[in-house]
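Visitor: Attaching a single structure in C-alpha cells format; questions to follow.
The values are calculated or read from the model by the stated rules, or taken from the named source; none is laboratory data. Since the structure is predicted, the reported quantities are computational estimates derived from the model, not experimental observations. Cβ atoms come from the backbone with ideal geometry, glycine included; neighbour counts cover every protein chain shown. Keep in mind that these areas ignore ligands, DNA and RNA; they rest on the heavy atoms of the full protein, side chains included. Shrake-Rupley method; radii C 1.70, N 1.55, O 1.52, S 1.80 Å.
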Amino acid sequence: MPSLFVLTPFLLLVVVNLPFKFLRKQIALWPAVGGMLVAQVVFSTFYPLNIGRGIADPFEQFFMFGLSLDSLSSIMLLIIGIVAFVSVLVASSMISEERQVFHFLNLILISVIGMNTTVLISDIFSLYVFVEITALAVFVLIAMEKGKFAIEGTFKYLILSAVASVFMLTAIAFFLMAVGSTSFAAIKDAFASNSSDAFLLKLGTGLFLCGLLIKCGVVPFHGWVPDAYSAAPASVSVLLAGVVTKVSGVYVLLRLFGTVFILNAALQNTLLLVGIISICFAAFASLTQTDFKRMLAYSSISQVGYIVLALGAATPLAFVGAVFHFFNHAIFKSLLFVNAASLEKRLGTTDMDKIGGMGSKMKVTSATSLIGLLSTAGIPPLSGFWSKLIIIIALFSAGRPVYAVIALLASALTLAYFLSLERKVFFGKVVASPAAETKASFGITFSEVLLAAITVAAGLGFAFILNTWLLPLKEIVH
Amino acid sequence: MEKQLILFLIVMLPVAGAFFLPVVGRFSEAVRNRLAFLLVAASFVLSLTLLPSVLNNQVITISQNLPLGFNFILTADALAVFMAMVSSFISAIIIVYSFTYISHYENRGEYYLMVVLFLGAMMGLVFSGSLILLYVFWEITGITSWRLIGFFREKQHVLRADKAFLMTVFGALLMLIGFIRLYVETGSFDLQVIKEAVKIHPLSGLTVALIMAGILSKSATLPLHTWLPDAGVAPSPVTALLHAAVLVKIGVYVFARLFVVTMPLDIPWMNVIAIIAAASALVSAGAALIDTDLKRIIAYSTISQIGFIFLGFTVSNEIGVAGSLLYILMHGLAKAGLFLCAGIIEQNTKTKDITKLGGLMYTMPVTALSFLFCSFSVMGIPPFGGFFAKYMVIAGTLQAGHLAIAFVFLFGAVLTILYLFRVFNMVFMGDVGSSSAKEGSPSMVFCVALFAVLSLLGGILISYPNNMIAIVIKQMITGSIPT
Amino acid sequence: MSADLSQLFGHFMIAIILLFIIGAYCILASFNMVRILIGLEILIKAATLLIILAGYICGRTALAQTIVITLIVIEIVVMVVASGVTLWAFRNNESIDPRKLSELKG
Amino acid sequence: MSIDIILLFCLVLAAIWTVMTVRLIHSIIGLALTSVLLSALMYRLASPLAAVFELSVCAGLISVIFLVTVSFTQRVSKEEMPARRKERFVRFWGLLFIVAVAGLLLILFFKAPQFQLPPPAGEQNVRDVLWNLRHLDMLGQVIVLLAGALGVAVFFKEHKK
C-alpha cells in the first residue's frame, strides 16, 4: 500500500513524458494530475479508518523500498494531496501556454513524489534524497517565469537550502559513523542504548537541527522565506507555503526529533527558544509589511514557531498539538495564498497600499480570507484555535508556563496584523487598479471555498481528526 | 430526553440558522427578515418551555465526551434559563426594530447573519457547562460584534471595530490562560468537576485575576472599558444589542456563573471587585456628564450601571444577588429602549450631537415619552423596574456591612439622574433645532414604546420577576454556599 | 586498531573542518554567484569525504559508496539548476553580483 | 599513513587556491583539482567505485557546467583585472589567517584519541547494496535526473526562441 503513493505519481510522470502528442493536450493533463491527487486524498483519508489496510501491496515483492505508513504519514499524505490539488487548480486558471503547462505539471508531479516519499521513508539518507528532489522541483517552479524577483528568490532559497543540505549530510555521516546504518530503527536503538558514541550522536543531532531550522525557515534562518514566497508565481507559492517547506522542513523535524532522536534538556531548550523567538519576531515583522504575500510569509514563520515550540515541550500531547497545527496551518495558509492569487489575478499586484475596498467586489475572496485569518489568529471555533490550545495546554503540563503565556498572547499580535490587512485590502475605499479587471476564475473560487470549508470543518469536527489521526500518534512518540 | 432536545435547539437553531439567512436573502428580503425574527423568537419560546421544569429545581444537561476533555456540555439551570430568556426576548424586539432601520443600508444579509449568530452564541455561552465551550461562544460573540461595529465600512468605524475586537480578544486570552491553569490543576474543563475540585483545593489568586481580566474586558469595566463608547459608531440596533441587552452582560453572567455559582470567591477578592466596580461606576458617570455625543453618553451610562450589577454579585447575600439579576433584566429593557430611541433620533436628524438637538418633544412625542420612561427606569425612580433593582443591590451592600461602598454607589445613582436629565433636557426640551425631524417608522416606534411600557410594567408587576428570581437565587446560593 | 583508526579520524577531521571553513568563507565573502556555487561545491566535497570516512571507520564502505554515488548525482543536478538560475540572473541584470540582486528588493 | 596526510594537505591547499585565485577559470580548475585529490583519498579509503564517480562526474562534468556558465556570464574587460585582483586579495586575506589558526587548533585538539570507534563489520559488495538494498535511492536518482532535465529545458532551451 505505501509504495502506491510513490509509484502512482511516478507512473503518471512517465506517461506524461511519453512522446505521444495527444497525451500532452491540456484536456488530458489537468484531469489526470488532479484526479491522481484526489485519489491520494481519498486513500489517505480512508487508510486510518481501517478500510484500506486489507489491500496487499503487490509492489512490495519487487521493490525493497522500506516505506512505512503510520498515522503521521497518512495525515501528511492527506495534506500533500489537498494542497497540491489546490495548487494545480489555481495554476489551471493562471497558466495557459502549452509548454509551461507541461513543465508545470511535470515539476508538480516530481515534487509530489518527493514529498510523498519523504513522509513514508524510514531511512535517513533516502530522506535527504527525496527532500532534495522536492526542493529541486520547487526551485525550477519558482524560477519558471524568470522575472527578476523570481530569480533572486530562487537563488537565495537555493543557496540556503543547499547549505542546509550540507548540514544534514554531515549529520548523516556522523550517524553512519556511530551507528553503522542509516535506518531510523538503528539510529533510534543507538540513542536508546546510550552507547559510547553518544558524542557523535549529539553532534549529528545538533547539525541536523541546524539544517532543518534553515529548511523550516524559523527565525535566525528565516531570510529566504519572504523572498521565496513572494517571488514565486501564485500557484507555486500556494504549494511552497502550504506543503513544500512544511514537509521538507517541519515534517522531518517532527519525525526525527519527535520519534527517532531522544532530546536532551539542552536541545529542548533550544527548540523552545527558537520557537518562541520565531513566534514573536515574525509577528512583529509582519506588522510592518506592505505586501500581502510577504505578510503571509512572516505569518507563516510565526506559525511554524508554534510547531517548533511544541516539539520543544517533548511530550506526546505536545506532539499531537504540533501535528494538528501542522495540518491546520497547511490548510489555512494555502487558503490565504489562494486569496493572494485571486487578488493578483484581478488587480495585478499584491501591494496592500495599492489595494482597497475589495470586500464588496470579491465577496468569496473576502469571506474566505476572513476565515483563514481568524483561524490563523486562533479564534474559536475555527481549526487554528484547537491546535494552539492543545499546544499551550501541553506546554503548561510540561511545566513551561512562561512559554505558554507568551505563545498565547502572541495570538493577539497575529490578530492585530491580520486586522490591519483586512482593513487595508477589503474595507475602505476602492482604489482604482491599472490592470484589467477580470472575473475570478472557477478554479480559484472553488479552491477558496474548499479550503475554507476544510478549515471550518476541522474546527467544528476537531474531535474526529483527533481521534482518527492524532491521538494514535501518542504511541509512536517516545 | 425531550427537554434535552429543546435545550439543544435553543442554541443550535440561531447558530446554524444564521448561516442560511444571507442565502435566503438572495431570493426574498422579507422572508429573510421574518426568518431571522423567527429564529430568535424560537429561542425565547423554547427557553420559556424549559422554565417550569427548571423552576422545579431540575437541571437539564446534554453531555458529549470529546477527546482531551474538550467535552461538549450544555447545562440548563434556573440562572441560565433566566438569562437566556432576558437576552433572547430583547434581541427579538431589536430584530423587529431593525426591519426598517437597516432596510436602506448595504450588506443587510451580513447584518442579519451576524445578529442572529450573536444571539445564538449568547445562548450557547449561557448554557455551556464547560469552560472551553464557554470560551468558544465567547469569542464568537467577539467576532460578530466586530463585524457589526464596523458595519458601515468607513475607515474610522473599522478602526474602532478592530480596537474593540483586539481589546476583548486580549482579555479573553488572559481568561483562557486562567482556564488552562484550572484545567491543568483539575484535569477538566467541566464546571461540575471543577466545582468539586475547588472545594478541596482553593483557587490560586493568579487564576482568578486572569479570568477577571477577561470578564472586565468583555463587560467594559474600568481599566478595559474604552472600547465601548467608541463602539457607538455601529448601527443603533447593534449598539442596543451589544451594550444593553447582551454583550456586556456576558461578562457579568460569566462572573455569576464562575465566581458565585461554581467556585465562590473569598471575601477579600469580592471587596476588590466591588471597589473596581465602584470606581468604574463613578468615572464613567462623570464621563457621561460631560460628553456631548448621545450614543456615547448612553454607552458610558451602561459602563456605570454594570458597576451596580457587579456590586450585587460581590456582596454574596441573597438580596444583593437577587438585585443584580433583576438589574440585568431591567437595565436590559431600559437601556435597549434608550439606544433604540437614540437610533430613531440619529436617523431622522442625522446627528448625534446633543448640543445641536432640541425640542424634539414636539416632533416625535412617542419617542420622547419612551425615552423618558426608560430613563426613569435607569435612574431608579419608583415605580419603574430599575428602582427595585437598584434598591435591592444597595440594600444587599448595606446588609453585608459595606457602608462606604454603598455610599459611593448612591452617589453614582445621583449622577445617573443628573446626566440623564441633562440629555433629556437638551434633546427633547427647548427650541426646535432641526425642523426636518419627524417620528420614526411605526415598527420602530412600536419597539421603543414596548420597551418603555415594559420598564414601567416591570416595576408595577415586580412580584412576577421577583418570584422567579427568588427560585433562581435559591438554586444558586444553596449550590454555592454550603450551610 | 582502535587507536590507529582514531588517529586516522583525527587527521581527516582536521582537513574536513578546514574544507568547511574554506567553503563557508567563500560563500560569505564572494561577490560573484559562480563563486558562491564553487564555495558550495567545496562544502559538499567535505561532506562527501566525511561520509566515505564514516563508511571506512564503521566498516560499511559499500553503504557509504552507494550513498556517495547518489549524492553525486543529486549534486550535479543541483549545480545544473543553480547555473541556470545564475544565467538568468545575468540576463535580467547584466551582472552576477549578488549584491545587485539584493538592492532590487528594497 | 604518510601518503594520506600528503593528499589531505594537498586537498586543503587546492581548496584554498580555488577560493583565493582571481580568475574564475582558475577557480574552476582548482575545484576540479580538489575533486581529483578527493577521489584519490576515496580510493585510499577503500571506496574505489565512488572514487571513479567522483573523478568522472565532479571533476569532469561539473567543471564543464561551470565553464559554460562562466562563458555566458563573464564579461570582465582586461582593464578591470588589476582592480579586481586587489579587491580579491584584500577580501581573502582573512581566510588564510583563519585557516592557519583553525588548523593549528584542530591539530592540537585531535592529538589525543577522543573516540571509541566500533570495529569494522563484515564487508558487502557495492553492487549488492546499490541494486538490492537501496531501491529507493535508485528511484530517487532517476527522478532527480528527470528534474534536472526539466531544469535544463526551462532554463537553457527557451533561449533559442
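Visitor: Hey, what's the Kirkwood Rh for segment B:137-190 if you take every pair of different alpha carbons, in angstrom? Intermediate results must be reported in sequence, preceding the final value.
Guide: Values: mean 1/r = 0.0810 Å⁻¹.
One decimal place: 12.3 Å for the Kirkwood radius.
Visitor: Another one. Taking +1 at the Cβ of each Lys and Arg and -1 at the Cβ of each Asp and Glu, which of A:276, A:467, A:286 sits farthest along the dipole of segment A:263-478 towards its positive end, judged by Cα position relative to the Cα centre?
Guide: Selected residue: A:286.
Visitor: Please state the charge dipole magnitude for chain B, taken about the Cα centre, from unit charges on C-beta atoms (+1 on K and R, -1 on D and E), reported in debye and rounded to the nearest 20. Please report the intermediate quantities before stating the final value.
Guide: Details: 26 positive and 20 negative charges, 81 e Å.
Around 380 debye, computed over chain B.
Visitor: To the nearest Å, what is the center-to-center distance of segment A:82-98 and segment A:442-468, using C-alpha atoms only?
Guide: 19
Visitor: Could I ask something else about it? Ordering B:226, C:70, B:75 by accessible area with a probe of 1.4 Å, largest first, what comes out?
Guide: I get B:226, B:75, C:70, largest accessible area first.
Visitor: For residue D:101 and residue A:457, what does the FRET efficiency come to when R0 = 51 Å and r is the distance between their Cβ atoms, rounded to the nearest 0.05? Write out the running numbers ahead of the final one.
Guide: Details: r = 60 Å, r/R0 = 1.18.
So, using R0 = 51 Å, E works out to roughly 0.25.
Visitor: Just in segment B:340-435: which trypsin sites (Lys or Arg not before Pro) are loop by DSSP and have at most 15 other Cβ atoms within 10 Å? List each step's numbers first, then the result.
Guide: Values: sites: B:350, B:352, B:356, B:390, B:422; in loops: B:350, B:352.
Within segment B:340-435, the qualifying trypsin sites (Lys or Arg not before Pro) (loop, at most 15 other Cβ atoms within 10 Å) are B:350.
Visitor: If you don't mind, there's one more thing I want to ask. Can you give me the Rg/Rh ratio for segment D:9-77, using Cα atoms for both radii and the Kirkwood formula for Rh?
Guide: Details: Rg = 13.2 Å, Rh = 12.5 Å.
So for segment D:9-77, dividing Rg by the Kirkwood Rh gives 1.05.
Visitor: Share of segment C:3-103's accessible area from carbon and sulfur, percent, 1.4 Å?
Guide: Values: 1290 of 2170 Å².
Heavy-atom surface of segment C:3-103 belonging to carbon and sulfur, 1.4 Å probe: 59 percent.
Visitor: A follow-up question, please. Evaluate Rg over Rh across chain B, taking Cα atoms for both radii and Kirkwood's formula for Rh.
Guide: Rg/Rh: 0.95.
Visitor: Using a simple charge model, +1 on the beta-carbon of Lys and Arg, -1 on the beta-carbon of Asp and Glu, nothing else, what dipole does the protein assembly as shown show about its Cα centre, in debye to the nearest 20? Show your work: numbers first, answer last.
Guide: Values: 76 positive and 55 negative charges, 391 e Å.
Dipole about the Cα centre, nearest 20: 1880 debye.
Visitor: Mean 1/r over all different Cα pairs, inverted: what Kirkwood radius does chain C give, in Å?
Guide: Details: mean 1/r = 0.0635 Å⁻¹.
By the Kirkwood definition, the hydrodynamic radius is 15.7 Å.
Visitor: Run the Debye formula on the Cα coordinates of segment B:220-296, all scatterers equal and no solvent, and tell me log10 I(q)/I(0) at q = 0.23 1/Å.
Guide: Evaluating at q = 0.23 Å⁻¹ gives log10 I(q)/I(0) of -1.15.
Visitor: Per residue, what accessible area does segment C:3-103 have, given a 1.4 Å probe and all protein chains present, in Å²? Walk me through the numbers on the way to the answer.
Guide: Values: 2170 Å² over 101 residues.
Heavy-atom accessible area per residue stands at 21 Å².
Visitor: Mind listing P(r) for segment B:334-383? All alpha-carbon pairs, 5 Å bins, whole percents.
Guide: Over segment B:334-383, the share of Cα pairs per 5 Å bin runs 4, 21, 29, 26, 13, 5, 1 percent.
Visitor: Within 10 Å of each Cβ in peptide B:221-231, how many partner chain Cβ atoms are there on average? Round it to a whole number, please. Numbers along the way, then the final one.
Guide: Values: counts 0, 0, 0, 0, 0, 0, 0, 0, 0, 0, 0.
Shielding by partners across B:221-231 averages 0.
Visitor: Let me ask something else. Once the Cα gyration tensor of chain A is found, what semi-axes does its equivalent ellipsoid get, as square roots of 5 times the eigenvalues, in whole Å, sorted largest first? Please list the in-between numbers first.
Guide: Numbers: eigenvalues 216, 150, 85 Å².
Each semi-axis is √(5λ); the values are 33, 27, 21 Å.
Visitor: Chain pair D, A: how much accessible area is buried, both chains summed, with a 1.4 Å probe, in Å² to 100? Write out the running numbers ahead of the final one.
Guide: Details: alone 13320 and 17850 Å², together 28690 Å².
That pair of chains buries around 2500 Å² in total.
Visitor: Also: Given charges of +1 on the Cβ of Lys and Arg and -1 on the Cβ of Asp and Glu, with all other atoms neutral, how large is the dipole of segment C:3-103 about its Cα centre, in debye to the nearest 20? Present the calculation step by step, with values, prior to reporting the outcome.
Guide: Details: 6 positive and 6 negative charges, 11 e Å.
Dipole of segment C:3-103, to the nearest 20 debye: 60 debye.
Visitor: Moving to a separate point now. Determine the share of chain B's accessible area contributed by carbon and sulfur atoms, expressed in whole percent, with a 1.4 angstrom probe. Show your work: numbers first, answer last.
Guide: Details: 11110 of 16180 Å².
Its accessible area is 69 percent carbon and sulfur atoms.
Visitor: Sort out the exposed loop GluC sites (Glu not before Pro) in chain A (DSSP loop, at most 13 other Cβ within 10 Å) and tell me the longest stretch that has none. Please report the intermediate quantities before stating the final value.
Guide: Working: sites that count: A:97, A:437.
Longest gap between qualifying sites, sites excluded: A:98-436.
Visitor: Here is a further query. Averaged across the residues of A:154-166, what count of C-beta atoms belonging to other chains lies within 10 Å of each residue's C-beta?
Guide: On the way: counts 6, 11, 4, 1, 8, 9, 0, 1, 11, 6, 0, 8, 10.
If you average over the peptide's residues, the count of other-chain Cβ atoms is 6.
Visitor: Follow-up. With the crude spin-label approximation of a point 7 Å out along Cα→Cβ, what separation in nm comes out for residue B:417 versus residue D:90?
Guide: Inter-label distance under the simple model: 8.6 nm.
Visitor: Distance between the C-alpha centers of segment B:173-243 and segment C:5-36? Whole Å please.
Guide: Spelled out, the Cα-based centre of one part sits 58 Å from the other.
Visitor: Have a look at A:392, A:362, A:14 and report the one farthest towards the positive end of the charge dipole of chain A, computed about the Cα centre with Cβ charges (Lys/Arg +1, Asp/Glu -1).
Guide: So the residue we want is A:362.
Visitor: Helices from chain B with mean Kyte-Doolittle at least -1.0 and a Cα length along the axis of 30 Å or more, per DSSP H: which? Could the numbers behind the result be given before it?
Guide: On the way: long enough: B:29-55 (39 Å, 1.46); B:78-101 (35 Å, 1.97); B:155-186 (45 Å, 0.88); B:267-290 (35 Å, 1.95); B:294-314 (31 Å, 1.11); B:318-349 (46 Å, 1.05); B:403-428 (37 Å, 2.25).
Result, helices passing both filters: B:29-55, B:78-101, B:155-186, B:267-290, B:294-314, B:318-349, B:403-428.
Visitor: How long are the semi-axes of the equivalent ellipsoid of segment A:161-311, defined as square roots of 5 times the Cα gyration tensor eigenvalues? Whole Å, largest first.
Guide: Values: eigenvalues 193, 49, 25 Å².
For segment A:161-311, the ellipsoid semi-axes come out as 31, 16, 11 Å.
Visitor: Still on this structure: Output needed for the protein assembly as shown: three equivalent-ellipsoid semi-axes, defined as square roots of 5 times the C-alpha gyration tensor eigenvalues, in descending order, whole Å.
Guide: Semi-axes, largest first: 66, 32, 27 Å.
Visitor: What per residue convex hull volume, in Å³, comes out for segment B:266-483 when only alpha-carbon positions are used? Display every interim value, and only then the final one.
Guide: Details: hull volume 22.9 nm³, N = 218.
Residue-normalised Cα hull volume stands at 105 Å³.
Visitor: Quick one: if the Förster radius is 56 Å, what FRET efficiency do residue D:128 and residue A:449 give, using the C-beta to C-beta distance and rounding to 0.05? Don't skip to the answer; put the middle values down first.
Guide: On the way: r = 53 Å, r/R0 = 0.95.
After rounding, the FRET efficiency stands at 0.60.
Visitor: Over all pairs of distinct alpha carbons, what does the Kirkwood formula give as the hydrodynamic radius of segment A:93-189, in Å?
Guide: Values: mean 1/r = 0.0665 Å⁻¹.
For segment A:93-189, the Kirkwood estimate is 15.0 Å.
Visitor: Give me the percent of accessible area attributable to carbon and sulfur for segment A:186-295, probe 1.4 angstrom.
Guide: Result for segment A:186-295: 66 percent of the exposed heavy-atom area is carbon or sulfur.
Visitor: Nearest 100 Å² is fine: how much accessible area is buried between D and C, summed over both sides, with a 1.4 Å probe? Numbers along the way, then the final one.
Guide: Working: alone 13320 and 7480 Å², together 14040 Å².
Protein heavy atoms only, the D-C interface buries about 6800 Å².
Visitor: Please identify the longest segment of chain A free of exposed chymotrypsin sites (Phe, Trp or Tyr not before Pro), where exposed means a DSSP state other than H, G, I, E or B and no more than 11 other Cβ atoms within 10 Å. It would help to have the intermediate numbers written out before the result.
Guide: Values: sites that count: A:20, A:62.
The answer is A:63-478.
Visitor: Note the angle between two axes, namely the Cα long axis of helix C:33-58 and the longest principal axis of the Cα atoms of chain C, as a number of degrees from 0 to 90, rounded to the nearest 10.
Guide: The angle comes out near 10 degrees.
Visitor: Follow-up question, since we're still on this one. With every protein chain present, what is the per residue accessible area of chain A (1.4 Å probe, Å²)?
Guide: Details: 13720 Å² over 478 residues.
Accessible area per residue, chain A: 29 Å².
Visitor: Residues of segment B:41-68 that become at least 30 Å² less accessible with every protein chain present than in their own chain isolated, using 1.4 Å: which are they?
Guide: B:66, B:67, B:68
Visitor: Quick one: check the C-alpha center-to-center distance for segment A:249-281 versus segment B:246-301, whole angstrom.
Guide: 44
Visitor: Now for a different question. Express in Å², to the nearest 10, the accessible area of residue B:201 obtained by rolling a 1.4 Å probe over the protein heavy atoms while all chains stay in place.
Guide: 130
Visitor: Continuing with the same structure: With a point put 7 Å past each Cα toward its Cβ, work out how far residue B:9 is from residue B:53 in nm, to one decimal.
Guide: For the pair residue B:9/residue B:53, the computed spacing is 1.2 nm.
Visitor: While we're on this one: Per-residue Cβ counts within 10 Å, from other chains only, averaged over C:26-37: what number is that? Numbers along the way, then the final one.
Guide: Values: counts 8, 4, 0, 6, 5, 3, 8, 4, 8, 5, 4, 9.
Partner Cβ neighbours, averaged per residue: 5.
Visitor: Please report the net charge: other residues with Cβ closer than 12 Å to the Cβ of residue D:65, K and R +1, D and E -1. Can you show the working numbers first?
Guide: Working: positive: none; negative: C:41, C:75.
Taking every Cβ under 12 Å from that of residue D:65, the sum is -2.
Visitor: Assuming a ≥ b ≥ c are the square roots of the Cα gyration tensor eigenvalues, decide whether segment A:285-373 counts as rounded (a/c under 1.5), prolate (otherwise, with a/b larger than b/c) or oblate. Don't jump to the answer; show the numbers that get you there.
Guide: Numbers: a/c = 3.56, a/b = 2.14, b/c = 1.66.
Prolate.
Visitor: How many Å² of accessible area per residue for chain B, probe 1.4 Å? Intermediate results must be reported in sequence, preceding the final value.
Guide: On the way: 16180 Å² over 483 residues.
I get 34 Å² per residue for chain B.
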